[in-house]
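The values are calculated or read from the model by the stated rules, or taken from the named source; none is laboratory data. Keep in mind that this is a model prediction, so the values were computed, not measured. All Cβ positions, glycine included, derive from the backbone under ideal geometry; neighbour counts span all protein chains shown. Just so you know, the surface numbers come from the protein's heavy atoms only, side chains and all, with ligands and any DNA or RNA stripped out. Shrake-Rupley method; radii C 1.70, N 1.55, O 1.52, S 1.80 Å.
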Amino acid sequence: MLITKGNLMACKESLRLANLGYELMDRKRIILMQELSKMMDDVKALRSVIDETYDRAYAALQRANLSLGIIERVANVTPVETNVKIVYRSVMGIEIPKVSIPESELKIPYALSVSNSRLDEVYLEMRQVKFYTVKLAELDNGMFRLAKAIEKSRKRANALNEIVIPDLEVKIKLINDALEEKEREEFIRMKMVKRR
């Protein structure tokens, strides 16, 4: 590395940018952690609701199986959900999915001649399970993405703070010391030239 004022100025500018980058990475990490914390609270609330819903759905399924026998043939004619919509929102450059299933008109997919109210109860409970499961999948995926981004931001901030910034500070000090030494030598040389 050449010891010039130009290099000193370039190192100082790099140090300024590295400090700014560190501050931005730290702020990004804090904002992402706040978003993750909010999602974790939502998941905590949703998990208790979804557990109750699953319990009700499986209890209804057991009652229907007792009432109608094994209802696998009815389950096989129930259509698969194809209207799942996924849109993304950006949080500090991280794409967080927003998953939804549009509310549609309730249509019973099986014949009334092979069913009873127990089967209807199962259908309604499982429909509710579907909506909660989609919401839980959205939150879990978002939390995973945020956690990865937080880790990446933390690593970058640490690299700047622990490696790049100290290295630039050492370079600036070395260049500064060398330039001051050159100036002193030049000053002494000029004095000696004047005396002659």
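I want to confirm something. Restricting to region 1-37 and keeping residues that are open to solvent by 80 Å² or more (accessible area, probe 1.4 Å) and within 14 Å of Arg145 (Cα to Cα), which single residue is nearest to the chain's Cα centre (by Cα)?
Met33
For region 38-50, enumerate the residues that are touching a residue at least 60 places away in the same chain (Cβ under 8 Å) and open to solvent by 60 Å² or more (accessible area, probe 1.4 Å).
Our first condition is that a residue be touching a residue at least 60 places away in the same chain (Cβ under 8 Å); within region 38-50, this holds for 39-40, 42-43, 46-47, 49-50.
Across region 38-50, the qualifying residues are Met40, Asp42, Arg47.
Return a yes/no flag: does region 51-70 have any residue that is of a type in the set (Phe, Trp, Tyr), free of Cβ contacts under 8 Å to residues at least 60 places away in the same chain and either over 30 Å from Lys155 (Cβ atoms) or surrounded by 13 or more Cβ atoms within 10 Å (Cβ to Cβ) (or both).
Of all residues in region 51-70, those of a type in the set (Phe, Trp, Tyr) come to 54, 58.
Now narrow it down to the ones that are free of Cβ contacts under 8 Å to residues at least 60 places away in the same chain: 58.
Restricting the remaining residues to those that are either over 30 Å from Lys155 (Cβ atoms) or surrounded by 13 or more Cβ atoms within 10 Å (Cβ to Cβ) (or both) gives 58.
Yes, there is a match, as at least one residue in region 51-70 is of a type in the set (Phe, Trp, Tyr), free of Cβ contacts under 8 Å to residues at least 60 places away in the same chain and either over 30 Å from Lys155 (Cβ atoms) or surrounded by 13 or more Cβ atoms within 10 Å (Cβ to Cβ) (or both).
Taking region 114-144 as the search range and keeping residues that are open to solvent by 40 Å² or more (accessible area, probe 1.4 Å), of a type in the set (S, T, N, Q) and over 15 Å from Val80 (Cα atoms), which one is modelled with the lowest pLDDT?
Here the answer is Asn116.
Against the condition open to solvent by 50 Å² or more (accessible area, probe 1.4 Å) and under 30 Å from Asn19 (Cα atoms), how does Lys98 come out, does it pass? Can you show your working first?
Working: open to solvent by 50 Å² or more (accessible area, probe 1.4 Å): yes; under 30 Å from Asn19 (Cα atoms): no.
It is false that Lys98 is open to solvent by 50 Å² or more (accessible area, probe 1.4 Å) and under 30 Å from Asn19 (Cα atoms).
Hey, among Lys173, Lys155, Lys148, which residue is over 28 Å from Ala10 (Cβ atoms) and of a type in the set (D, E, K, R)? Even if it seems obvious, please write down each step before you answer.
Numbers: Lys173 fails: over 28 Å from Ala10 (Cβ atoms); Lys155 fails: over 28 Å from Ala10 (Cβ atoms).
Exactly one of Lys173, Lys155, Lys148 is over 28 Å from Ala10 (Cβ atoms) and of a type in the set (D, E, K, R), namely Lys148.
Determine whether region 165-178 contains at least one residue that is under 30 Å from Glu35 (Cα atoms), touching a helix residue (DSSP H, G or I) at 6+ places or on another chain (Cβ under 6 Å) and either open to solvent by less than 100 Å² (accessible area, probe 1.4 Å) or modelled with pLDDT of 85 or more (or both). Step through it out loud before you land on a result.
To start, the set of residues in region 165-178 that are under 30 Å from Glu35 (Cα atoms) comprises 165.
Checking which are touching a helix residue (DSSP H, G or I) at 6+ places or on another chain (Cβ under 6 Å) leaves us with 165.
Next, from what is left, pick out any that are either open to solvent by less than 100 Å² (accessible area, probe 1.4 Å) or modelled with pLDDT of 85 or more (or both): 165.
Yes, the conditions are met somewhere in region 165-178.
From Ala157, Ala147, Ala111, which residue is at pLDDT 85 or above and out of contact with any Gly (no Cβ under 9 Å at 6 or more places or on another chain)? Working first, answer last.
Numbers: Ala157 fails: out of contact with any Gly (no Cβ under 9 Å at 6 or more places or on another chain); Ala111 fails: at pLDDT 85 or above.
Being at pLDDT 85 or above and out of contact with any Gly (no Cβ under 9 Å at 6 or more places or on another chain) holds for just one of Ala157, Ala147, Ala111, which is Ala147.
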